1. Here are some residues: 125, 141. Which one is under 15 Å from the mean Cα position of the chain (by Cα), within 17 Å of residue 156 (Cα to Cα) and surrounded by fewer than 19 Cβ atoms within 10 Å (Cβ to Cβ)?
2. How many residues, within the range 104-140, are outside any helix (DSSP H, G or I) and at negative phi?
3. Against the condition out of contact with any helix residue (DSSP H, G or I) (no Cβ under 9 Å at 6 or more places or on another chain), in a helix (DSSP H, G or I) and either surrounded by fewer than 21 Cβ atoms within 10 Å (Cβ to Cβ) or small (Gly, Ala, Ser) (or both), how does residue 67 come out, does it pass?
4. Taking the conditions exactly as written (without any contact (Cβ under 8 Å) to a residue 24 or more places away in the chain and part of a helix (DSSP H, G or I)), does residue 40 satisfy them or not?
5. Looking at the range 30-59, which of the residues that are of a type outside the set (A, V, I, L, M, F, W, C) and under 12 Å from residue 99 (Cα atoms) is surrounded by the most Cβ atoms within 10 Å (Cβ to Cβ)?
6. I'd like the full set of residues that are hydroxyl-bearing (Ser, Thr, Tyr) and part of a helix (DSSP H, G or I), limited to the range 43-64.
7. Got a number for residues in the range 17-70 being of a type in the set (Asp, Glu) and farther than 18 Å from residue 110 by Cβ?
8. Given the criteria surrounded by 13 or more Cβ atoms within 10 Å (Cβ to Cβ) and modelled with pLDDT of 90 or more, does residue 80 qualify?
Amino acid sequence: MRRFVEIMCVALSLMAVNIEDISKIRKTYYQALTHEKSILALHELGKQHQNSALGKAYYGTAKALQARESSWVPTKISLANEASELLNSAVELDNNSTEVRFLRLSFEAATPAMLNLNSHVNSDVNFLSNKLEKNHPLNYVIKAWVNTTDDITKNQKARIKARLLP
């Protein structure tokens, strides 16, 4: 039994993303939102850490950003499908992570309805409306997204903003 516990502790520690890595991933994510050249760097960082929910969510987000930048429709659709699978898998790994849920929300809300990749928008808005912490490292990104997106309702925006404001 003791050996099993030791093995599980090692396995869990390998699955975690350390704070330095997540800081680097977040910084690259911020850059990738506005600089196409940073998307590849985010892709590589997410891919390296896809054994964790957060790493997988950023890997999926990189795929989503690649889809956004692609000019060829079949590539856009393929990358969007990959992004959706990765983001949903990340939420399955850690459905209590506000960061993972926000990354999925920001992807799904902007996805055209005809692709049928936006089935979690309401549940993610509800989750963030109830669980988002005022001091979360992504709060300023979330606030900027909420203030600029037209992909969720005014009511949904207000509910998320209420969690962000002091």
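1. 141
2. Residues in the range 104-140 being outside any helix (DSSP H, G or I) and at negative phi: 13 in total.
3. no
4. Taking the combined requirement at face value, the residue satisfies it.
5. 58
6. Once the filter is applied, which keeps residues that are hydroxyl-bearing (Ser, Thr, Tyr) and part of a helix (DSSP H, G or I), the range 43-64 yields 58, 59, 61.
7. Selection size over the range 17-70: 3.
8. Judged against the criteria, residue 80 is a match.
The values are calculated or read from the model by the stated rules, or taken from the named source; none is laboratory data. If you're wondering where the values come from, they're calculated on a predicted model, not measured in any experiment. Every residue, glycine among them, receives a Cβ derived from its backbone with ideal geometry; neighbour counts consider all protein chains shown.
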